[in-house]
Amino acid sequence: MSERTITLDVTRYRPHQEAVPTVQSYAIPFPDDWVVLDALNHIKDQVDGSLSYRWSCRMGVCGSCGMMVNGEPKLSCAVFLRDYFPRAIRVEPLSNFPVIRDLVIDMSGFLDKLKSVKPWIIREQEKPLSEGEYLQSPRELDAYQHFSQCINCMLCYAACPVFGLDSGFVGPAAIALGYRYNLDSRDHGTAERREVLGDHEGIWQCTFVGECSVVCPKHVDPAAAIQRVKVDTAKDWILSLVMPWGQR
Amino acid sequence: MMATRPDPAGLYHPAMPATWWLRKRSYFLFMLRELSSVFIAGFLVVLLLQIAQISSGEDARAAFSAMLRSPGWILFHGVALAFAVYHSVTWFYTTSIVMPLRVRGRELPRWLFTALNIGAWAGVSLVILILYLALPASA
Amino acid sequence: MSHEISEHDVIVIGAGGAGLRAAIAAAELSPKLSIAVVSKVYPMRSHTVSAEGGAAAVTREYDNLDAHARDTIFGADFLADQDAVEAFVAEAPHELIQLEHWGCPWSRDADGRISVRSFGGMSVKRTLFAADKTGFHMLHALFQTSLKYDHIVRYDECFVTSLLVEDGRARGITNVNLYTGEVMVLAANAIVLCTGGGGRVFPFTTNAAIKTGDGMALAYRAGVPLKDMEFVQYHPTGLPGTGILITEASRSEGGWLKNKDGHRYLQDYGLGPPTDTPTQRKMELGPRDILSRCHMQEYQKGHTFEGPHGHYVHLDLRHLGQELIDRKLPFVRELVRNYVGIDPVYEPIPVRPVVHYMMGGVHTDMDGKTPLEGLYAAGETACVSINGANRLGSNSLTECLVFGARAGRNAAEYASGMGTPTSNPLAALARDEQHRLDSQFFKKEGGSERIAAIRTEMQHAMEEGAGIYRDASSMGATCEKLRELRERFSRIRLEDSSEVFNTERISALELDFMLDVADTIANGALLRKESRGSHTRTDFPSRDDENFLKHTLAYRTDEGPRLDYAPVKITRWQPEERKY
């Protein structure tokens, strides 16, 4: 297989030795089928053992290896070096997040937000397991299925300028996951989730730049989720004005 | 509950530069859409003033109309129209995302829904234009 | 240096399918219990996420528990413990319905019931699925549900380095917090190991980078035997080069395996006759061990393709059509398009056997209990054993749930009967562990061996000696090589001495664990002088029930594993010839 050499300009940040990130360049010989992650692994294994980044499944489903590749948020296991060659590739930590080290970002805030949208089935009344599954038609499944494809890779947050300006914004992935449960025919938790989704740090922060949906590697379309929650919330608000006695 | 979190003291917080919206075409187009509101608001202010002039007599109205014929104001209205069209088109596209249309259980492609919206919009505009032209000028 | 000790009732190590199920089971037992979940990655990164095809359980009128049990035992080449299998199949439907109640987006039939599909070695359609992302959906449903419980306390991105054993009981753990580099000490009355398998001891595997056998090595070092480690499953259909898994579901939906002449070669190995639509347990729906061997024989006959990443055959899905592929196998299409650059709707997929699953693991009983008091294990880390010498596809996700729940519940019950965990004896143990870590890793000076070099040599030695076909001389060489690598490992060089998110340290600790795990596989294989399930010896080509219808138990000694054996539990299914 043909081997060529490509330059990777990788952001380094080692909190014990530098106050601001720097860039380190590596020349990497690569076969045609290498992705950016392969190049990083090559650096780690053969050149510089101190480079830190997260990765695991190398097949685009665990969501660990999100990075900025030439300024775009990407799963580094899913972008090929050959598509950038012969130009150098800039590899940076995901935008809009605090950086722990090198390419490793702090995503603990997301885990708090995820919990806040109550991403679990909320029932008025549980059915005993002995009575079997809740029936759900393929059409009912279809209503929420693509919002359930989120791998929590954080690319959408890296693409969202609103989150960049206000880190308190609940953000695309968490709202989409909350909405996924609202849409699930087995769930009765929409009203409970409204407290967080309809909060000023929730849907109304979103100005609909739309980039979250563009960069999403799983086509979850969080932008659509957020706008639809806006419509639903507004509809319910109007209904509550018109019919204050109506309980929802 | 999370028991472990990064040490906040060691974190590097990248700052978002004021020019962030120049970095990407999509961000720039987004800012244009936001900016369109300024021109649309400007157009509406002019419209309100025009209506106010009507009650101030024929002379005032004619003078105001004459002023609007100046190249500057024509340029302003041209730009405002462009922004209004841009805003409307993106709005219709947004509608296709926010309220997807389902035909036989499948979501209508967004471009098609958008095109239908724009078609309907153009149709309504045409009807208004025809009505306007058909109305006797003296009315 | 003294360590601050955090006390919990139960510690679950690993936050994949089994770990989260165990944690929830423990949490549901009592809101008064404090459950720690310690994982080296965020829970949603766990390798359960990569499971694709489905999870087996009897949910249909035409099916019955005995049939599921028999298929499993037969698939296991009679090395499974039949009482455990009976418990497993009985609880499986309940667990999968539970997951449905927790929001898992199972694929559905028109009437709203959860769909089922065929799977290799299963006699009827009984595998529930969520398209071809079953593991992903299971993991996220479990993780998101676990967020409900405030008494589940997560230690994310913490790497466990040792189990603290005092007075014959597991009482706590030490772990490295990646954010600070600190060694933390957690005390508890019960500990559940759910760290998954260790496919990364091999060079070519479907397993994620994190699958380094940590839990197996932790138990092994604490004196707990590892059971049946020589049984390593090759999945017949991985992508050459990357080893990315192409799910068995692509065959249960009707995909064909073809050699370079376009011939469905499985019919030449007693798996026929070929039919256009899949027939249970025949052809492409044969069990994985047999299909992988067929591939190797095709290769030896020169019937396979040769590519830059070695020999391969074709998995042909073209006749299934785009609609079916998009509905039932969307992830397969996505993976093949991304990583091979072809579209399986129009072109056959190149595939070859790849290391996928370890049937062996930490020796436990049906309740998930290990011989060490207070220590439990579940999922791929554990060996109950329901998988025996060869696991059937779609039994492992279910196993994570059934035995995860059992282990979690039993651990919690045990812990609540023990009163407050005492941290007194742990301080000294923790100091010893800190000393070990400092001298061997964190403050180690000098050294010349690269981590990656030792790892790569280990992986190739394992493929050479413990691959699909094995014999005494190649296994002996592998055992010898592993001893050499263990010695060289003491001279590794660490370039990074910093504290914050030092992943080089973690790689070294993982390699340390992997060398132990590899040792038990190779030595177990060398002494099992028969062929059974996934363990195929060219020098002992047939099954030997007289001498080897028994479990291997590997105990750690300073000179390498000491092997012992334990009987297999037979209830109602007497061993017979395994023929499909």
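Quick look at the values:
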quantity: Principal axis dimensions, chain A - Cα atoms, whole angstrom, descending; calculated: 69, 41, 30
quantity: Amide hydrogen neighbours beyond the local backbone of residue C:108, cut-off 5 Å, H modeled; calculated: C:115
quantity: Hull shadow area, averaged, chain C [alpha-carbon convex hull, nm²]; calculated: 24.6
quantity: Span-like helix ranges in chain C, DSSP H, alpha carbon extent 27 angstrom or more, Kyte mean at least 0.5; calculated: C:503-527
quantity: From phi via Karplus (6.51, -1.76, 1.60), per-residue ³J(HN,Hα) for segment A:45-62 in Hz, x at Gly/Pro; calculated: 7, 10, 10, 8, x, 8, 5, 10, 6, 9, 6, 8, 7, 6, 9, x, 10, 7
quantity: ³J(HN,Hα), Karplus 6.51/-1.76/1.60, whole Hz, each residue of segment A:87-100, x for Gly, Pro; calculated: 6, 6, 10, 8, 10, 10, x, 3, 5, 6, 10, x, 9, 7
quantity: DSSP beta bridge pairing in chain C, given as percent antiparallel to the nearest 5; calculated: 65
quantity: Tail beyond 14 Å, pair distance distribution of segment C:500-580 (Cα, percent); calculated: 72
quantity: Length released on extending from residue A:9 to residue A:131, taking residue separation times 0.36 nm less the Cα-Cα span; calculated: 38.1 nm
quantity: Percentage, to the nearest whole number, of Cα pairs in the protein assembly as shown over 37 Å apart; calculated: 50
quantity: Cross-link reach list, aspartates and glutamates versus residue C:301, counting only Cα pairs under 17 Å and skipping chain neighbours closer than eight places; calculated: C:261, C:268
quantity: Loop sites in segment A:57-109: trypsin sites (Lys or Arg not before Pro), DSSP, at most 10 other Cβ within 10 Å; calculated: A:87
quantity: Solution diffusion estimate, µm²/s, Stokes-Einstein, segment A:3-105, Kirkwood Rh from C-alpha pairs, 25 °C, viscosity 0.890 mPa s; calculated: 180
quantity: Rg/Rh ratio calculated on Cα atoms of segment C:236-354 (Kirkwood radius); calculated: 0.93
quantity: Amide H contacts of residue C:153 (H built 1.01 Å from N, under 5 Å, at least 5 apart or other chain); calculated: C:35, C:36, C:37
quantity: D_trans [Stokes-Einstein, Kirkwood Rh over alpha-carbon pairs] for segment A:82-128, 37 °C, 0.692 mPa s, µm² s⁻¹; calculated: 224
quantity: For segment A:116-209, alpha-carbon Rg relative to the globular expectation (2.2 N^0.38 Å, N residues); calculated: 1.22
quantity: Neighbour cut-off at most 10 other Cβ (10 Å), DSSP loop, trypsin sites (Lys or Arg not before Pro), segment B:1-103; calculated: B:69
quantity: Residues residue A:238 and residue B:122, FRET efficiency given R0 of 45 Å [Cβ-Cβ distance, rounded to 0.05]; calculated: 0.95
quantity: ³J(HN,Hα) computed for each position of segment A:118-129 - Karplus, 6.51 cos²θ - 1.76 cosθ + 1.60, integer Hz, glycine/proline x; calculated: 6, x, 8, 5, 10, 10, 5, 9, 6, 8, x, 4
quantity: Cα centroid separation, segment C:479-538 to segment C:141-177 (Å); calculated: 24
quantity: Segment B:23-130: Rg to Rh, with Rh as the Kirkwood radius over Cα pairs; calculated: 1.11
quantity: Of the DSSP H helices in chain B, those whose Cα atoms cover at least 30 Å axially and whose Kyte score averages 0.5 or more; calculated: B:25-54, B:71-98, B:110-134
quantity: Interface residues in segment A:182-202 - accessible area drops by 40 Å² or more relative to the isolated chain, probe 1.4 Å; calculated: A:186
quantity: Estimated dipole of segment C:370-448 in Debye, rounded to 20 [Cβ of Lys and Arg +1, of Asp and Glu -1, Cα centre]; calculated: 80
quantity: Segment C:195-263: proportion of alpha-carbon pairs further apart than 13 angstrom, %; calculated: 73
quantity: Any cysteine of chain A lacking a neighbouring Cys Cβ under 4.7 Å - listed by number; calculated: A:65, A:77, A:150, A:153, A:160, A:206, A:216
quantity: Pairwise burial B:A, computed as accessible area of each alone minus the pair, summed, 1.4 Å, Å²; calculated: 2400
quantity: Antiparallel DSSP beta bridges within the protein assembly as shown, percent to nearest 5; calculated: 70
quantity: Label point at residue C:276 placed 7 Å out along Cα→Cβ; residues across segment C:314-356 whose backbone nitrogen lies under 19 Å; calculated: C:316-325
quantity: Principal axes of segment C:445-546: Cα extent on each, largest first, Å; calculated: 55, 22, 18
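The values are calculated or read from the model by the stated rules, or taken from the named source; none is laboratory data. This structure is a prediction, so every number in the text was calculated from the model and none was measured. In this analysis, Cβ positions are derived from the backbone assuming ideal geometry, glycine residues included, and neighbour counts consider all displayed protein chains. To get the accessible areas, we keep the full protein, side chains included, count just its heavy atoms, and leave off ligands, DNA and RNA. Shrake-Rupley method; radii C 1.70, N 1.55, O 1.52, S 1.80 Å.
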